[in-house]
């Protein structure tokens, strides 16, 4: 997965993910802060920068199985759908 930051606060990150998935682009959330997992719940601490990143990041598909045109399509659709 390729991690991207949805920096524009006007963009609803979850709606963007829904729209990408509706178009067959398997976008999701992969990079969650470790202290959100139950095994580390007792270690939760103030991490405002980490929380802001976690709230604004998305994961896009990438890998050897994608052709160059697939990557271009994913980038184009992500950019188009992320416009306010």
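The values are calculated or read from the model by the stated rules, or taken from the named source; none is laboratory data. Because the structure is predicted, anything quoted here is derived from the model rather than measured. Backbone-built Cβ (ideal geometry, glycine too); neighbour counts: all protein chains shown.
For this structure, a couple of remarks:
- Looking at 20, 29, just one residue is modelled with pLDDT of 95 or more and within 14 Å of the chain's Cα centre (by Cα), and that residue is 20.
- When segment 19-39 is filtered for residues that are exposed (fewer than 12 other Cβ atoms within 10 Å of the Cβ) and out of contact with any helix residue (DSSP H, G or I) (no Cβ under 9 Å at 6 or more places or on another chain), the ones remaining, listed by number, are 22, 24, 37, 38, 39.
- Of all residues in segment 59-84 being within 14 Å of residue 11 (Cα to Cα) and either outside any loop (DSSP other than H, G, I, E, B) or modelled with pLDDT of 95 or more (or both), the one that is farthest from the chain's Cα centre (by Cα): 80
- Inclusion of residue 42 among residues that are assigned to a helix (DSSP H, G or I) and either surrounded by 11 or more Cβ atoms within 10 Å (Cβ to Cβ) or touching a helix residue (DSSP H, G or I) at 6+ places or on another chain (Cβ under 6 Å) (or both) is not warranted.
- Screening segment 1-18 for residues that are surrounded by 14 or more Cβ atoms within 10 Å (Cβ to Cβ) and touching a helix residue (DSSP H, G or I) at 6+ places or on another chain (Cβ under 8 Å) and picking the one that is nearest to residue 62 (Cα to Cα) gives 4.
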